[in-house]
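Below you'll find the structure, written out as structure tokens, and then a few comments.
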Amino acid sequence: MYSTDLRTDTEKKAQAVTASEDAALWEAFQKRIDAGDIIEAKDAMPEKYRATLVRQISQHAHSEIVGMLPEGNWVTRAPSLKRKLILLAKIQDEAGHGLYLYSAAETLGRSRDDMVADLLSGKAKFSTIFTYPTPTWADIGTVGWLVDGAAIVNQIPLCRCSYGPYARAMVRVCKEESFHQRQGYEIVTTMARGAPEQKAMAQESLNRMWWPSLMMFGPSDAASLHSSQNMKWNIKRHSNDVLRQRFIDATVPQAEILGLTIPDPDLVWNKEREAYDFGEINWDEFWAVLKDGGQCGKSRLRARRAAHDNGTWVREAAGAYAKKHKTRVGKAA
Ligand code: FAQ
């Protein structure tokens, strides 16, 4: 079901054979990458390239789907009908992003059913940011402003990723994330310019969400496992630390405009570097969240499992329809 793997069985077998010709294949492949070629689903590629893309794209897809939950928390309590409609549309966009991404990963030969099974069993990762709770309405603003803002900084370079289906999916995703970031910033602006209680709520949310947003870019370059190979393959165009710095430099002035304070006493503009110096990220917290799911990791997975179970009848009906359609088309032919 849902397969978008474009390869025929013969092509799959041929590619499995070429995968064993490591040295020659890797060299020819690297030449294509260095020449700026875009790799397509049916092209020969080292199995490690395929595996790393499946890992990254499926983790990204899971993040979009799990990322719907912290915002879903506020659909029934949005402060006005207009806010509710906007929030619903945003959450639906995130579902769409998940679906493009699962489809892009399927072109590499992994089925969506398998990827979803990995998420539900707890084997696959999703972004640490979505293990944090969203207890106030201001969090819906900061999720858009900071989380979508960080996602854009991370994902714009992915529009030039060497793997065509992922790069093309990212173009549309980034356009929508850009709208999401603006709607989040608009919520925070309204609160920061509203009553003192509203401004305090926006500040309190920024205090909680700032550091986890910085962790979205992944571990420091020194601790990153995949960055150097992924940059060699033009999957990643910039390192985790470079993108994190870019996000900080863009976001600090946005907080200043609102009269909000970034919760980092070490944050200071460095004239020589023309960039902000910032305090130490709590990497112990990051690794602990990755390992045990932090505050909400387990409940996010429980919610996903329940949604999956509730959707069983839809998948069964779609499968039965597809089978019937195939039989009809077969008979007509
Ligand atoms: N959370 O060696 P690296 C969004 C893992 S979408 C969890 O540096 P890499 C939209 C990493 O996977 C947000 N795991 O890895 C939205 C690896 O694990 P593994 C998601 C993390 O791949 C907004 C290990 O640590 N975006 O927000 C995290 O080179 C609002 C070592 O790390 C993407 O997925 C983390 N924060 O770089 C939705 C973008 N960081 O597999 C709803 C695409 C690292 O070895 C509402 N992904 N890990 O066990 C990427 O750009 C990269 O995969 C990175 C990590 C940058 C995330």
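Data overview
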{"read-out": "Residue list for segment 97-123, restricted to those being among the β-branched types (Val, Ile, Thr) and either in a helix (DSSP H, G or I) or open to solvent by less than 10 Å² (accessible area, probe 1.4 Å) (or both)", "value": "Val116"}
{"read-out": "Top-ranked residue in segment 263-290 [being of a type outside the set (Asp, Glu) and in a strand (DSSP E or B); ranked as surrounded by the most Cβ atoms within 10 Å (Cβ to Cβ)]", "value": "Tyr276"}
{"read-out": "Filter pass, Asp93 being within 11 Å of the ligand (Cβ to nearest atom), open to solvent by 30 Å² or more (accessible area, probe 1.4 Å) and not in a loop (DSSP other than H, G, I, E, B)", "value": "yes"}
{"read-out": "Test: Ser205 is open to solvent by less than 10 Å² (accessible area, probe 1.4 Å) and in contact with a helix residue (DSSP H, G or I) (Cβ under 8 Å, 6 or more places away or on another chain)", "value": "yes"}
{"read-out": "Odd one out for Met68 among (1) more than 13 Å from the chain's Cα centre (by Cα); (2) crowded, with 18+ Cβ neighbours inside 10 Å", "value": "(1)"}
{"read-out": "Sole exception among (1) within 21 Å of Met170 (Cα to Cα); (2) within 12 Å of the ligand (Cβ to nearest atom); (3) open to solvent by 10 Å² or more (accessible area, probe 1.4 Å) for Ile235, by number", "value": "(3)"}
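A quick yes/no check of all residues on (1) without any contact (Cβ under 8 Å) to a residue 40 or more places away in the chain; (2) away from the ligand (no atom under 12 Å from the Cβ); (3) open to solvent by 10 Å² or more (accessible area, probe 1.4 Å):
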site: Ile156; (1), (2), (3): yes, no, yes
site: Cys161; (1), (2), (3): no, no, no
site: Pro165; (1), (2), (3): no, yes, yes
site: Ala169; (1), (2), (3): no, no, yes
site: Val173; (1), (2), (3): no, no, no
site: Glu176; (1), (2), (3): no, no, yes
site: Gln181; (1), (2), (3): yes, no, yes
site: Ala195; (1), (2), (3): yes, yes, yes
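The values are calculated or read from the model by the stated rules, or taken from the named source; none is laboratory data. Source: prediction; values computed, not measured. Using ideal geometry, Cβ is built from the backbone for each residue, glycine included, and neighbour counts are taken over all protein chains shown. In case anyone asks, the SASA skips ligands and DNA or RNA and just uses the protein heavy atoms, side chains included. Shrake-Rupley method; radii C 1.70, N 1.55, O 1.52, S 1.80 Å.
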